[in-house]
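Novice: I'd like to ask some things about the structure below.
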Amino acid sequence: MPHIKLIQPGDARGQVKKLYDDIQQVRGEGKVSNLFKAYAAFPALAQANWERLKILLTQGTLSRKLKESIMMATAQINGCEY
């Protein structure tokens with residue numbers, strides 16, 4: 001059970017809703033990760049981390065799909081249950 005309430009997209013309001021909309025515009029509809037649902041309890045932190053990730057995903061020569069695959073493989077190698 002999470003210690004931080006995860007804010008679901010349907011429950012998001014104000015700054016968090018705008019953040020989720022931006023995330024879904026880049027990553028696809030319904031692609032708000034639990035990490036960002038947890039960060040949403042602290043909107044300034046969520047926004048700062050999203051801006052960092054958005055740059056990683058949208059800039060450079062590697063495709064977004066390849067970058068996301070690398071992130072997933074790294075999480076698996078590190079034994080993340082996420």
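The values are calculated or read from the model by the stated rules, or taken from the named source; none is laboratory data. What you see is a predicted model, and the numbers here were worked out from it, not measured in a lab. Cβ coordinates were reconstructed from backbone atoms using ideal geometry, including for glycine residues, and neighbour counts include every protein chain displayed.
Novice: For the range 1-21, name all the residues that are surrounded by 17 or more Cβ atoms within 10 Å (Cβ to Cβ) and not in a helix (DSSP H, G or I).
Specialist: Correct list: Ile7, Ala12.
Novice: It is to be established whether one or more residues within the range 36-59 are surrounded by fewer than 12 Cβ atoms within 10 Å (Cβ to Cβ) and not in a helix (DSSP H, G or I).
Specialist: Looking for residues that are surrounded by fewer than 12 Cβ atoms within 10 Å (Cβ to Cβ) and not in a helix (DSSP H, G or I), one finds at least one in the range 36-59, hence yes.
Novice: Quick test for you: out of Asn49, Asn78, Asn34, pick the one residue that is on the phi < 0 side of the Ramachandran plot, touching a residue at least 24 places away in the same chain (Cβ under 8 Å) and of a type outside the set (A, V, I, L, M, F, W, C).
Specialist: So the residue among Asn49, Asn78, Asn34 that is on the phi < 0 side of the Ramachandran plot, touching a residue at least 24 places away in the same chain (Cβ under 8 Å) and of a type outside the set (A, V, I, L, M, F, W, C) is Asn34.
Novice: Next up: Counting only residues that are surrounded by 13 or more Cβ atoms within 10 Å (Cβ to Cβ) and either small (Gly, Ala, Ser) or not in a loop (DSSP other than H, G, I, E, B) (or both), how many does the range 22-32 have?
Specialist: 5
Novice: Mind listing whichever residues of the range 61-75 are farther than 19 Å from Lys31 by Cα and not β-branched (Val, Ile, Thr)?
Specialist: Leu62, the sole residue that qualifies.
Novice: How many residues are among the aromatic types (Phe, Trp, Tyr) and either at pLDDT below 95 or touching a Gly at 6+ places or on another chain (Cβ under 6 Å) (or both) if we restrict to the range 3-35?
Specialist: Count: 0.
Novice: Would you be able to say whether some residue in the range 65-76 is in a loop (DSSP other than H, G, I, E, B), charged (D, E, K, R), surrounded by fewer than 14 Cβ atoms within 10 Å (Cβ to Cβ) and more than 13 Å from the chain's Cα centre (by Cα)?
Specialist: For the range 65-76, residues in a loop (DSSP other than H, G, I, E, B), charged (D, E, K, R), surrounded by fewer than 14 Cβ atoms within 10 Å (Cβ to Cβ) and more than 13 Å from the chain's Cα centre (by Cα): absent.
Novice: Give me the pairs, please: first residue somewhere in the range 1-21 and within 12 Å of Lys37 (Cα to Cα), second residue anywhere and among the aromatic types (Phe, Trp, Tyr), beta-carbon distance under 8 Å, and either six or more positions apart or on two chains.
Specialist: Once the first residue is within 12 Å of Lys37 (Cα to Cα) and sits in the range 1-21, its partners that are among the aromatic types (Phe, Trp, Tyr) give Pro9/Tyr20; Ala12/Tyr20; Leu19/Phe36; Leu19/Trp50; Tyr20/Phe36.
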